[in-house]
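The values are calculated or read from the model by the stated rules, or taken from the named source; none is laboratory data. Note that the structure is predicted; figures quoted are calculated from it, not measured. When we count neighbours, we look across all protein chains shown, and the Cβ atoms used for this are built from the backbone with ideal geometry, even at glycine. Each accessible area value is taken on the protein alone, full model and side chains, heavy atoms only, with ligands, DNA and RNA left out. Shrake-Rupley method; radii C 1.70, N 1.55, O 1.52, S 1.80 Å.
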Amino acid sequence: MSSASDHTAALIRENWLRVSEQVAQACADAGRPTASVQIVGVSKYVGPELAWQLSQAGCPLLGENRPQALWDKTEYFASQASPGQAAQWHLIGHLQRNKVKRTLPLISLLHSLDSQRLAEAVSQEAVAQGRVLPALLEVNVTQDKSKTGMDPGQVERLLSSQQQLPGIEVRGLMAMSSLEGNELTARREFEQVRELRDGLQARFSESLRLSELSMGMSGDFGPAIAAGATLVRIGSRLWQGV
Ligand SMILES: *Cc1c(COP(=O)(O)O)cnc(C)c1O
């Protein structure tokens, strides 16, 4: 006998396997090992129960763009009796400074460090909590004025002042392609992000290892992987038909 929720669980599993294969294919097309790219399953479209099913289907890394939703989901995950594989959570959207304290203990990576002020607040709180938080700097290389993220000059200034941010370990960059763009535009923008990273890595080679590039979503993970993404943030493709 199969119930509606069994059906949903099966659908989520199929979606997860299909997306994993598509990402593996994009890696093969780019001549890169499959293991060089990790999928962050973006659960912002669904509630805690379905996010949990995605994790049970084998997705070890989950991402939320809103702190409040991340709090709710991590609480639900903690309440599950037999955790199976433990999920890790990433925050991929804007973090308000008044939400830093509660969010920090719940995440293993912050993708969206988008200002010097936020970096100072996060660093200070991380030190208070006795840890160093891995983080990516969100950079805006597109012409979309509406987009969040720092311009390349701000990113460089932040990295120059890294010694004043002992609670943060910057591991790389995060970016989005323009909303209106096509595949070629996306590819060019992602290449720009990688070139920015390469330049910064050369300049700060003594103090930093900028090994991560978080770029690519459901519609543009192909060009992102071709350009060197190590983390792809995939949402809608995982929830098709659910
Ligand atoms: C929603 C979201 C994603 C996932 O987008 P999809 O197109 O649904 O795959 C990725 N990154 C961020 C920052 C998001 O807010």
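Sequentially through the range 96-106, phi angles give Karplus couplings (6.51, -1.76, 1.60; θ = phi - 60°) of 6, 5, 6, 10, 4, 4, 6, 7, 3, x, 8 Hz, Gly and Pro residues having no value and appearing as x.
For the chain, the gyration tensor built on C-alpha atoms gives an oblate shape. Its axis ratio a/c (a ≥ b ≥ c) is at least 1.5, and a/b is not larger than b/c. Ranking of Lys44, Lys99 by solvent-accessible surface, largest first: Lys44, Lys99 (1.4 Å probe, protein heavy atoms only, all chains present). Using alpha carbons only, how many degrees (0 to 90, rounded to 10) separate the axis of helix 4-29 from the longest principal axis of the chain? Long axis of 4-29 versus the principal axis of the chain: about 40 degrees. Take the chain with all the other protein chains still there, run a 1.4 Å probe, and you get 48 Å² of accessible area per residue.
Taking Cα atoms, how many degrees apart are the long axis of helix 116-128 and the longest axis of the chain, rounded to 10 and kept between 0 and 90? Between helix and principal axis, roughly 70 degrees. Given the DSSP H assignment, sum -39500 (n - 2.57) over each helix run of at least 4 residues in the chain and divide by its residue total; what's the result at 222 nm in deg cm²/dmol, nearest 500? Taking each H run of at least 4 residues, the total per residue is -13000 deg cm²/dmol.
For the range 112-202, the Cα-based Rg and Dmax, in that order, read 14.0, 45 Å.
The long axis of helix 67-79 is offset from the longest Cα principal axis of the chain by roughly 50 degrees. Neighbours of Leu118 by Cβ distance under 11 Å: Lys/Arg scored +1, Asp/Glu scored -1, total -1.
Once C-alpha pairs closer than 8 Å and six or more residues apart are averaged by separation and normalised to the residue number of the chain, the relative contact order reads 20 percent.
Counting only GluC sites (Glu not before Pro) that DSSP places in a loop and that have at most 14 other Cβ atoms within 10 Å, the longest clean stretch of the chain runs over 1-179. Going by the alpha-carbon gyration tensor, a ≥ b ≥ c the square roots of its eigenvalues, is the range 176-242 rounded (a/c under 1.5) or, if a/c is not under 1.5, prolate (a/b greater than b/c) versus oblate? Oblate, because a/c is 1.5 or more while a/b does not exceed b/c. Rounded to the nearest Hz, the phi-derived 3J(HN,Hα) couplings of the range 163-169 under the Karplus curve 6.51 cos²θ - 1.76 cosθ + 1.60 (θ = phi - 60°) are 4, 7, 10, x, x, 10, 10, where x marks glycine and proline. Taken one residue at a time, the phi angles of the range 198-210 give Karplus couplings (6.51, -1.76, 1.60, θ = phi - 60°) of 4, x, 5, 4, 5, 5, 10, 5, 5, 10, 9, 10, 8 Hz. Gly and Pro are set to x.
Rounded, prolate or oblate: which one fits the range 26-107, using the alpha carbon gyration tensor with axes a ≥ b ≥ c (rounded when a/c is under 1.5, else prolate when a/b beats b/c, else oblate)? Since a/c reaches 1.5 but b/c is at least a/b, the shape of the range 26-107 is classed as oblate. Each Lys or Arg adds one and each Asp or Glu takes one away; over the other residues whose Cβ falls under 13 Å from the Cβ of Thr185, this sums to -4. Counting charges near Gln68 (Lys, Arg +1; Asp, Glu -1) among other residues having Cβ under 13 Å from its Cβ returns a value of +2. Between Ser178, Ser207, Ser55, the Gaussian network model of the chain with springs among Cα atoms under 10 angstrom shows the greatest mean-square fluctuation at Ser207.
Positive-end ranking of Ala28, Gln129, Phe221 along the dipole of the chain, with charges on Cβ about the Cα centre, is headed by Gln129.
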